[in-house]
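> Okay, here's the structure, questions in a sec.
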Amino acid sequence: MKYDVIVIGGGHAGIEASLVSARMGHKTLLITILAEQIGAASCNPAIGGLAKGHLVKEIDALGGQMALATDATGIQFRTLNISKGPAVRGSRAQIDMDRYRIYMRNLVLNTDNLSVAQEIVEEIVTQEGKITGVITQLKNHYHAQKVIVTTGTFLKGLIHIGEYKQEAGRVGEFPSVHLSASLKSMGLRMGRLKTGTCARIDAKSIDFSKMELQPGDENPLPFSFRTPRESFSPHQLPCYIAYTNQNTHTIIESNFHRAPLFTGQIEGIGPRYCPSIEDKINRFRDKERHHLFIEPQTREATEYYINGFSTSLPPDTQLSMIHSVEGMENAKIVRYGYAIEYDYVDPTELRHTLETKKISGLYCAGQINGTTGYEEAGAQGLMAGINASLALRDEEPLILRRDEAYIGVLIDDLVTKGTKEPYRMFTSRAEYRLLLREDNADLRLTPYGYKIGLIDEKTHDRVVKKQRELCEGLEYLENTFLTPSHENNAFLESIGEEKITDKVSLQKIVARADFTTQKLEKLAPLIGSFKEDSKEQILVEAKYKNYIEKQKNQIDYMKEMMNIKIPPLMDFSSISGLSNEVVEKLQRFNPPTLFAASEISGITPAALDILHIYIKIFNKK
Ligand SMILES: Cc1cc2nc3c(=O)[nH]c(=O)nc-3n(C[C@H](O)[C@H](O)[C@H](O)COP(=O)(O)OP(=O)(O)OC[C@H]3O[C@@H](n4cnc5c(N)ncnc54)[C@H](O)[C@@H]3O)c2cc1C
């Protein structure tokens, strides 16, 4: 049984990887433990959020599936941080997790070039450092030139609920035990991490009248650039907000001695930014209450997910703490919360293509690389699939830079710095976040998606038009001036704007704090005829012109700096300010340029700056 590409795992990373590989024309096999669970949301029934929304838009702009699936199955859509700057806004949707899973499973099964096998991969087969295939528990031997491992939380997965322990990849699913050993035997450095989830509650047993209503946006926007905005009108369901209280905290605290997190039962490191409720109560003892978001899991809303209440406390404690929350006094638990520990591969074992450095043709993507979240997983799966396919075509890899995409930041962080705790994306991780907005992800990335054959002609044409309208609009605003004449000031007043006293460009007027696209249409009729997303783009770029230019200059400086040659005779140990680890790595790898140095794991931007200064001094000697 011969394939071009084998993808192990039908989670969020595996779906994107296998779809991309098949769509790029390669005979692909997706092997997964349960076909039924392809696209399952292991934890919260939601896609996107701050910085995660950026990743979903970028996956979409490159030709991935996550945004389209979300639009098709979403039950609530919101733009977070709407009152803040466009760079930090984030799209988020509640999904019907059953329908999302079925959508993805059917899509995968209906895709040409893509086959599915419900088996458990136990062994990776190599020959002289090159991948040749995999062997499953049924002793089927599948051959392929490229293998992408996307096994999520399944590698030696161990579940904890109080004192109860169970080997599982997710609750009720087999763990993946032998594969972990196989990866280790190839010399890959591995570690152990932990994550957790909350209990799910029977909707009939919740008194929503005691909770705050959290509706979706009045005019919801789709996630995908390919979903027409005009016809997007999903039927939305509300979420609710509840709070923990002192009683809840007392119940949790008095059961710390039974919490696997504190008793030493759990060894893996958990997500610092998404802690369990027992961890929150322990770390923030002075906090009077914590928010809980009560979210429907499906359109039928028969079960609710309690976002913010992840726990591995024993079942009786879970019930007591839930009953202490207003509106959940009589709540019935359908599924208990749990923690899971699992093995992961140290991502510094990977190149920027997500191929392992030690085994040619073997790629890893998703939670196995130490990340957490569907979006982080999907983004890596997409890139691993693209790069495995490009390698099969003998073409240059697609490596997105930090100034091009959050995906670039994510992968660069992972492969150069590694991670000791579950890594999730934040807007603060991106140095050039004003350039990496959700709204311009298509302008940044769709040309790449088109070039490699993942984006169709029509979508590409639309993006080219948006780019053209953006350039035309900005040029018009910058080169058209208003004088402080009576007519002009009367016009400004009529659109609710302050009068002017000097001649100013339209761009300066648009840059005012409360300027809107509606006003823009009146101020510049040329722009009024453009498409809605072009107008929004022009507004943002005109408003933040100075900051955007500053970031572009920084990028140019960085690009220039990266080409600088490191003198071969340079003595790294004499450079003050570099850590011993950095010196040791520079001595070991002897990078010829600053760019090559930046590719070495553990070489931070601060270390590069210091090196840059010393190169200048060295060259002057
Ligand atoms: C209990 C729990 C709590 C979580 N909490 C959070 C959270 O709070 N926040 C957050 O952002 N994320 C959370 N996550 C993580 C989120 O679910 C993952 O980040 C995301 O699903 C990772 O996607 P993935 O594709 O890498 O792996 P998964 O979605 O886990 O998919 C892995 C796939 O690999 C398959 N597989 C595994 N081993 C083999 C094998 N040997 N052979 C064949 N197939 C195999 C499995 O069947 C599965 O289909 C949680 C996950 C769990 C389980």
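> For a bin width of 10 Å, list the pair-distance distribution of region 200-339 built from all Cα-Cα distances, rounded to whole %.
Using 10 Å bins, I get a P(r) of 11, 37, 30, 16, 6, 0 for region 200-339.
> Here's something else I'd like to know. In the structure displayed, which of 156/287; 52/280; 57/585; 84/559 lie more than 28 Å apart, Cα to Cα?
Distance filter (> 28 Å) returns 156/287; 57/585; 84/559.
> Right, next: Based on the Cβ-Cβ distance from residue 559 to residue 316, what FRET efficiency comes out when R0 is 60 Å, to the nearest 0.05?
Numbers: r = 59 Å, r/R0 = 0.99.
So the FRET efficiency works out to roughly 0.50.
> Show that you can apply the helix-only estimate: for the chain, add -39,500 (n - 2.57) for every DSSP H stretch of four or more residues, divide by all residues, and state [θ] at 222 nm to the nearest 500. Please list the in-between numbers first.
On the way: 22 runs with 227 residues, N = 621.
After summing the helix terms and dividing by residue count, I get -11000 deg cm²/dmol.
> Further, regarding this structure: So, with +1 on the Cβ of K and R and -1 on the Cβ of D and E, and no other charges, what is the size of the charge dipole of the chain about its Cα centre, to the nearest 20 debye? Could you put the intermediate results ahead of the total?
Details: 75 positive and 79 negative charges, 210 e Å.
The dipole of the chain has a size of about 1000 debye.
> Sticking with this structure for a sec: Straight-line reach from residue 357: which aspartates and glutamates fall under 12 Å, measuring Cα to Cα and dropping same-chain residues less than 8 apart?
346, 349
> Given the peptides 194-202, 526-534, arrange them by the average over their residues of other C-beta atoms within 10 Å, most packed first.
Per-residue Cβ counts within 10 Å, averaged per peptide and sorted highest first, yield 194-202, 526-534.
> What lysines does residue 522 reach when the alpha-carbon gap must be under 23 Å and sequence neighbours fewer than 8 apart in one chain are set aside?
Partners within reach: 465, 466, 499, 503, 508, 531, 535, 543, 545.
> Here's another thing I want to ask about it. Report, in debye and to the nearest 20, how large the dipole of region 563-620 comes out about its Cα centre when Lys and Arg carry +1 and Asp and Glu carry -1 on their Cβ. Let's see the in-between values first.
Working: 5 positive and 5 negative charges, 43 e Å.
Approximately 200 debye in magnitude.
> Here's a follow-up. Placing unit charges on C-beta atoms (Lys and Arg positive, Asp and Glu negative, everything else neutral), compute the dipole magnitude of region 1-151 about its Cα centre in debye, rounded to 20. Please list the in-between numbers first.
Working: 15 positive and 13 negative charges, 94 e Å.
So the dipole magnitude of region 1-151 works out to roughly 460 debye.
> Enter the Cα centre distance for the pair region 317-331 and region 232-305, rounded to the nearest angstrom.
Value for the Cα centre distance between the two parts: 12 Å.
> Roughly how far apart, in whole Å, are the Cα centres of region 11-66 and region 481-544?
Cα centroid of region 11-66 versus Cα centroid of region 481-544: 41 Å apart.
> Still on this structure: Would you be so kind as to identify which of 136, 185, 102 lies farthest towards the positive end of the dipole of region 96-241, taking Lys and Arg as +1 and Asp and Glu as -1 on Cβ and the Cα centre as origin?
Towards the positive end, the residue furthest out is 185.
Quick note: the coordinates plus some simple rules give every number you see, no bench work behind them. All figures in this text were calculated on a predicted structure; none of them were measured in a lab. Positions of Cβ are backbone-derived with ideal geometry, glycine not excepted, and every protein chain shown enters the neighbour counts.
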